[in-house]
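Shown next, in structure tokens, is the structure this report addresses.
Nothing in this text is a laboratory measurement; each read-out follows from the coordinates by a stated rule. Computed from a prediction, not measured in an experiment: that's the story for all the values here. Backbone-built Cβ (ideal geometry, glycine too); neighbour counts: all protein chains shown.
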Ligand SMILES: [Zn+2]
């Protein structure tokens, strides 16, 4: 879909032009490093899967050439990052270490007795294509000796079935090493992306600009990658077989030792750093990047601990700082040379520590999160390093995130404890001041380049009357200019998507499915019932009293689920007085549980055995919610 976009205004043009002076534009080291060790890419930068589907398409990004100055509608620092990360292909990092770089890297350790894969990209198709490119270009036919997941995010595990057969993993032929206990890894890997999946998908559509056109008035980059990977492909999952729970643990994989530093509650709930002494190569997973990372990812996830980023980066320096020769990450490009790597890790450590300490200093001075976010500035020694710039995280929301982590959601202002809802507030505001006056002031603010004020003023009009096209279009124009000025790609994407939905309404395109069959299958049973619980329509479930026994035939697990007091609970084990007992394979029982309205088709297939009163499922259907993937955001 081609969206209506408007050019940068003179105000935006001037702000983006002046921003050049804020950045170390003459430091071009990254442009050399990013091409270092390049071996091969794909024809036209397009990757197809076995069925002929386009799974990575670099074509829409070809207008972003290295020699082209930032367009008026793009912040110059963000433009520079988009020039870098649009690259894709196979790279030799050092002897024995290769990367196939998409938005997520497939890192291949060419160990003496086999390949060890560190992180698997977002989809089985991408992973498979990446491994094929490596094998073809290097004539390397060594078997895969092991897989490592550095952390619990889907873009690091979802490609696994493009690399190995689950049967080989289950049979113990190929270990999958991951941080945390296996139970904990499964819980966080699946839990973080599924329980809140619908909300997160919609928010990802906004934050990654999945609905935006690829042009200098739309998506230029997602920051840690180009945005050329197809996000709507099938994700896979195989639970890990070997958990790392202590720093200093060593595994021999493919004939080389791998040493681990356990770093939980950092960028992900379970995460680890990996040292390969044979080649003096280190990865701090996503705790060290060519970007400031998120203390709170605005797609939505639990808030992280900035102090832990710093703590574990420092532990890493103590352990391997003297020896390390290369740092490779699961996103973007490596850092070479002992001195450079140490400086990189020290600088990233201090960046997170600075944010943590200064946010809490202001908190202790009585600042609210927003007030602190407006005044915290990185010191030059940190802020003038390209790898500390805001291509994934942003300083403004990270400062607020530290408050959130340490002090919770309340900003400390009594007026925000029981505020009127935005819709009600808006109606009263408009009634008091008058639509025409607000609209006129909105036009003045837009005309003066005061876009933040314009957006806030017009928010009242749009929320008081979502059919007010004049107000919506003007607010869209203001959001758009704000978007053009942002260094943080997620702020840009949010503002531009807001503009688009104000102009065109919600189109429904650009969703990411985070609850694939594999993730539902891998979901521990207790989590499956947790997921069912968040579907229960509390206000309709009052007075309902049902109890269902489940037997998961594939694992032999028995569970009982009941709804009483408008709450869905579950426990291991059957109860004798359940009204209904269902026995069948987990995917079918999961389908019945999550969509009881469609249960009859499954029961008719005969693959699920039923005992007792089937009408209980009709009752369950009436109290089970169906989530709208396209809920409103810019209108009430
Ligand atoms: Zn990632």
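What the Cα atoms of the range 68-192 give is an Rg and a Dmax of 16.7, 57 Å. The range 413-436 and the range 167-211 have their alpha-carbon centroids 40 Å apart.
Extension gain for the segment residue 54 to residue 622, taken as residue separation times 0.36 nm less the Cα-Cα distance, is 200.4 nm to one decimal. A Förster radius of 25 Å, combined with the Cβ-Cβ distance separating residue 135 from residue 182, puts the computed FRET efficiency at roughly 0.25.
Semi-axes of the equivalent ellipsoid for the range 524-622, computed as √(5λ) from the eigenvalues of its C-alpha gyration tensor and ordered from largest down, come to 19, 15, 13 Å. Note on residue 450 and residue 381: their simple-model spin labels are 4.0 nm apart, each label 7 Å out from Cα toward Cβ. Among 77-83, 287-293, 177-183, the peptide with the highest mean count of other Cβ atoms within 10 Å heads the list, and the full ranking is 287-293, 77-83, 177-183. Using every pair of distinct Cα positions in the range 422-485, the Kirkwood expression returns a hydrodynamic radius of 11.3 angstrom. Inverting the pair-averaged 1/r between distinct Cα atoms of the range 10-404 gives 21.3 Å as its Kirkwood hydrodynamic radius.
Once you reduce the range 568-607 and the range 84-154 to the center of their Cα atoms, the two points are 40 Å from each other.
Under the simplified labelling scheme, the residue 346-residue 19 pair shows an inter-label distance of 3.1 nm, with each label point 7 Å from Cα along Cα→Cβ. A compact globular protein would have a Cα radius of gyration near 2.2 N^0.38 Å; the ratio found for the range 371-456 is 1.50.
Here r is the Cβ-Cβ distance between residue 234 and residue 537 and R0 is 35 Å; the resulting FRET efficiency, rounded to 0.05, is 0.70.
Here residue 92 and residue 555 are evaluated by their C-beta separation; at R0 = 41 Å the FRET efficiency comes out at 0.40. For the range 439-542, the normalised intensity computed at q = 0.11, 0.15, 0.25 Å⁻¹ comes to -0.55, -0.74, -1.25 (log10 of I(q)/I(0), Debye sum over alpha carbons, equal scatterers, no solvent). Taking every C-alpha pair closer than 8 Å and separated by at least 6 residues, the mean separation divided by the residue count of the range 524-622 gives a relative contact order of 25 percent. When shorter helices are ignored and each DSSP H run of at least 4 residues is given -39500 (n - 2.57), the per-residue value for the chain at 222 nm works out to -12000 deg cm²/dmol.
Computed on the chain, with alpha-carbon pairs under 8 angstrom and 6+ residues apart, the relative contact order is 13 percent.
Taking 7 Å steps out from each Cα toward its Cβ at residue 322 and residue 605 produces label points 6.1 nm apart. Tell me, Kirkwood radius of the range 198-333 from alpha-carbon pair distances, in Å? So the Kirkwood estimate lands at 17.1 Å. The range 351-370 and the range 314-343 have Cα centres spaced 28 Å apart.
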